[in-house]
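Have a look at the structure below, then the notes.
The values are calculated or read from the model by the stated rules, or taken from the named source; none is laboratory data. None of these values were measured; they are calculated from a predicted model. Every residue, glycine among them, receives a Cβ derived from its backbone with ideal geometry; neighbour counts consider all protein chains shown. Calculation scope for accessible area: heavy atoms of the full protein, side chains included, ligands and nucleic acids excluded. Shrake-Rupley method; radii C 1.70, N 1.55, O 1.52, S 1.80 Å.
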Amino acid sequence: MTDMTSNLATEAPKKRNGEKTEFMVYFAIIFVATLPLACLTWALAAIKSRSFTDKGPMARAWTQARIITPMIFNA
């Protein structure tokens, strides 16, 4: 009888390069799509608070893309 416990996978399976490329393409599309709304919300928040110290529009769009893109790949 063969001992199958000695052949346990110790390494996590490596992601294919194509999956990473596809993720980055979706990320870029979502980032560009969220950028105008992020600019608008940043400008409104800056006018309301009279402060430009909050996250800028690029950081806001980046955050939204980081939230949305994994949702697409997990579905």
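Among the residues of segment 42-75, what is the count of those that are assigned to a helix (DSSP H, G or I) and either under 17 Å from the mean Cα position of the chain (by Cα) or surrounded by 14 or more Cβ atoms within 10 Å (Cβ to Cβ) (or both)? Steps first, please.
If we filter segment 42-75 for residues that are assigned to a helix (DSSP H, G or I), which is where we start, we get 42-49, 57-74.
Then keep just the ones that are either under 17 Å from the mean Cα position of the chain (by Cα) or surrounded by 14 or more Cβ atoms within 10 Å (Cβ to Cβ) (or both); that gives 42, 45-46, 57-74.
So the count comes out to 21.
Take the residues in segment 26-41 that are of a type outside the set (Gly, Ala, Ser) and open to solvent by less than 80 Å² (accessible area, probe 1.4 Å); name whichever of them is farthest from Trp62 (Cα to Cα).
Looking only at segment 26-41, we keep the residues that are of a type outside the set (Gly, Ala, Ser), and these are 26-27, 29-32, 34-37, 39-41.
Okay, now just the ones that are also open to solvent by less than 80 Å² (accessible area, probe 1.4 Å), so 27, 30-31, 34-35, 39, 41.
Values: Phe27: 9, Ile30: 9, Phe31: 6, Thr34: 8, Leu35: 8, Cys39: 12, Thr41: 14 Å.
Among them, the one singled out is Thr41.
With respect to Ser6, is the statement that it is outside any helix (DSSP H, G or I), at pLDDT below 95 and surrounded by fewer than 12 Cβ atoms within 10 Å (Cβ to Cβ) true? No: the conditions fail for Ser6.
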